[in-house]
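J.: Let me begin by handing over the structure; questions about it come next.
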Amino acid sequence: MVGGAGSVPMLRTDDNAIISSVVGSALIFGEAARPGAGFSVAMQLYFDHNATTPVAPEVLEAMLPFLREEYGNASSIHRFGQRARAAVERARAQAAALIHCQPTELVVTSGGTEADNLAILGTVRASAQAAKHVITSTIEHPAVLRTCQVLEKEGVAVTYLKVDFNGFLDPEQVRRALRPETVLVTIMHANNEIGTVQRLEEIAAIAREAGVLFHTDAVQSTGKIPVDVKRLGADLLSLSAHKFYGPKGTGALYVRKGVSLHPILFGGHDERELRPGTTNVAGVVGLGAAAQLAAESLEAEGPRLSALRDRLEAQVLARVEDSGVNGPRVGYRDGRFWRVPNTTNLYFDFIESEALVISLDLKGIACSAGAACSSGAVEPSHVLAPHRSATQIDLPSRSISTALVAPHVRPSGILKWFSTVVYGLGRSLTGVTACAWARIPNPAKIVRTSRAT
Ligand SMILES: Cc1ncc(COP(=O)(O)O)c(C=O)c1O
């Protein structure tokens, strides 16, 4: 499919190729396909959908009129305003349908971070109690962790619960952490790095029994697995459009009817005064369109992506020595997801993760070594650190996480590149070149082992 010569690695559509056709999220840049481009072709495969997703064509179509002719302010009373308002309310209903709540229970925000901030600061500050306590986990996104730190500075006590080796929180830990002054439990639904899906129904039931509000950051689960606020038992739930093929900078907070919340922004009367500011009409329309797309495709996409992800993992593990998976290996079992279907977090012992990410990028494969907001940092992931075994702690940060949503990706293709890159890196780190190719031995390990003995 893609031709041309040059130094940039190319992928072909033969048995080992990654892509047989390209739709949606697998992106290709075919520079040489342009007549006279004069340089080589680079195929870009995007495996970083937990950082963000491309905007789906249908979503863009829905948004475009509101970036062009339909520019009215949704709070204006003339017809421009009314059309914008109608579009916002239609989109709110679409987003509400995805998580099974009433449209009036959704507060539109600028994304997941703002939704998390509003949920946590808003509920805790609305509590009339003198002493306040919040329960959360150590593997939350910084949008939750940093907000809890802000509360600590305001005198609120916060308990950070640890998770097990696979990233699961035992609901009984929440019960044991409860205090008479606990006002909020906030536990994420799916983790952005390893994909672990928490047993939220049980956690929410424990909070409810104790009369404590329960918030969940569902930014990485909404649009990927079924999310039903009633079934989960959530009082508050954060979601973000750009994680499921909607635009960046748009999200929502579900606030169960009857939950009282203080705003964190002050200004006009928008969003029932919980979120003042002129409504981002095009963004909200994009959120609604993406929510509708997700609702329509959820049932079929989950099993399809799980199968692709599982094949990739099995083959990488079989072929690349000293590789493994961080987090749970199980996907869907006993009627529920234990890991979001699009996510894998692979580790390669003795290989430095930043170097691996850069090398894969040079091969045209885009993936992450941690959350997008922190992948520029050298410190180990706060999610993965507790997962390391004693023999591994001296190793540099060494895992990459990749979110597979590419519809036509063939694991055999990407496997070839993972193997080649891991091998090449190990070799360049150590100078060892004599390795068999049947199963990729890790040259870095050979050197370490021989030095140790
Ligand atoms: C679990 C989780 N929560 C919150 C956020 C923040 O969402 P947003 O980028 O919409 O602010 C992210 C983004 O990566 C996330 O993964």
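J.: What is the fewest-to-most order of Leu64, Leu178, Leu106 by other Cβ atoms lying within 10 Å of their Cβ? Spell out each step's value before the answer.
T.: Working: Leu64 14, Leu178 18, Leu106 23.
Ordered by Cβ neighbours within 10 Å, fewest first: Leu64, Leu178, Leu106.
J.: Based on the Cβ-Cβ distance of Asn73 and Arg146, what FRET efficiency does E = 1/(1 + (r/R0)^6) give at R0 = 30 Å, to the nearest 0.05?
T.: It comes to 0.40.
J.: Of Lys224/Lys248; Lys230/Lys257; Lys153/Lys257; Lys132/Lys153, which ones are farther than 23 Å apart at the Cα?
T.: As for pairs spanning more than 23 Å Cα to Cα, those are Lys153/Lys257.
J.: Rounded, prolate or oblate: which fits segment 221-280, taking a ≥ b ≥ c as square roots of the Cα gyration tensor eigenvalues, rounded meaning a/c under 1.5, else prolate when a/b beats b/c?
T.: The shape class here is oblate.
J.: Work out how much length Asp164 to Gln82 would gain on full extension: take 0.36 nm times their residue separation and subtract the Cα-Cα distance, in nm to one decimal.
T.: Additional length available on full extension: 24.4 nm.
J.: Next question, about the same structure. Would you mind pulling out the separation of the Cα centroids of segment 226-254 and segment 191-225, in Å?
T.: 11
J.: What shape does segment 108-209 have by the C-alpha gyration tensor, where a ≥ b ≥ c are the square roots of the eigenvalues, rounded means a/c under 1.5, and otherwise prolate means a/b greater than b/c and oblate the rest?
T.: Oblate is the answer for segment 108-209, as a/c is 1.5 or above yet b/c matches or exceeds a/b.
J.: Let me have the relative contact order for segment 57-293, percent, based on Cα pairs under 8 Å that are six or more residues apart.
T.: 29
J.: So if I place +1 on the C-beta of Lys and Arg and -1 on the C-beta of Asp and Glu, and nothing else carries charge, what would the dipole magnitude of segment 57-293 be about its Cα centre? I want it in debye, nearest 20.
T.: 340
J.: May I ask you to sort Lys132, Lys230 by Cβ crowding, counting other Cβ atoms within 10 Å and putting the fewest first? The partial results should precede the final answer.
T.: Details: Lys132 21, Lys230 10.
In order of increasing Cβ crowding within 10 Å: Lys230, Lys132.
J.: In addition: In what sequence, highest mean first, do 158-170, 258-270 appear when ranked by Cβ atoms within 10 angstrom? Could you put the intermediate results ahead of the total?
T.: Details: 158-170: 17.4, 258-270: 13.8.
The most tightly packed comes first, giving 158-170, 258-270.
Since every read-out is calculated from the coordinates, none of them should be taken as a lab result. Note that the structure is predicted; figures quoted are calculated from it, not measured. No Cβ is skipped: glycine too gets one built from the backbone with ideal geometry, and neighbour counts run over all protein chains shown.
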